Each structure stands twice: as structure tokens, then as C-alpha cells.
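K.L.:
Take this structure, written in C-alpha cells, and hold onto it; I'll ask about it next.
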Amino acid sequence: MGKLFYCTECKRVINGSEKCNYCNGENIKDLSYGTPVNIIGTKTKGRVLKIKDNIVRLLVRDEYNNKFIKEYDAEQLRKVL
């Protein structure tokens, strides 16, 4: 099980807990299970189901309310407000 963090300024998901790679912000919080996230570049949203190394499994729902489990890289995710 890996640990991921997110920046509270730009909401991007990162690996390190010291400083944000994208905006150089220092306000970092832990990304926990069940947290809603957005896949960057799409309108797809999901909840964190499992974190392993740099891969995150998300519970995603489609427009017909069907549930899917999909894997994404941590750099593709952004925390929903």
C-alpha cells in the first residue's frame, strides 16, 4: 500500500509529502480512501478505492449509474473540491 498526497492550492495528486511539483505549494494533505477525485482531461469522476505504488483504483459511475473499477496513474488525478 502506498501513500499519496494532494496539494491544497492546486488540488493535484502527488507522491512526495514535502512540496508540490506543479505549483511549489507547501500545504500538503493526505489522500484517503473514499475521497472524490477527477481524471484530468475528462469529465469522469470517481472515488479512491485502493492505492498501490503510483496506481490508484477508482470506483467510477457512468451516466446509467453502473459501477466500474478503473486504474489510473496518480499524475492523471485531481481532487474534487
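K.L.:
Cβ-Cβ under 8 Å, sequence separation 6+ or interchain: first residue in region 49-77 and more than 15 Å from residue 36 (Cβ to Cβ), partner part of a strand (DSSP E or B) and of a type in the set (S, T, N, Q). Which pairs?
P.N.:
none
K.L.:
Sticking with this one: Regarding region 68-80, can at least one residue be identified that is part of a strand (DSSP E or B) and touching a Pro at 6+ places or on another chain (Cβ under 9 Å)?
P.N.:
The first filter runs over region 68-80 and keeps only residues part of a strand (DSSP E or B), leaving 68-73, 77-79.
Now restrict to residues that are touching a Pro at 6+ places or on another chain (Cβ under 9 Å): 79.
Looking for residues that are part of a strand (DSSP E or B) and touching a Pro at 6+ places or on another chain (Cβ under 9 Å), one finds at least one in region 68-80, hence yes.
None of the figures in this text is laboratory data; all of them are computed from the coordinates on show. No experiment lies behind these values; they were computed from the predicted model shown. Don't worry about glycine lacking a Cβ; one is built from the backbone with ideal geometry, like all the others, and counts go over all protein chains shown.
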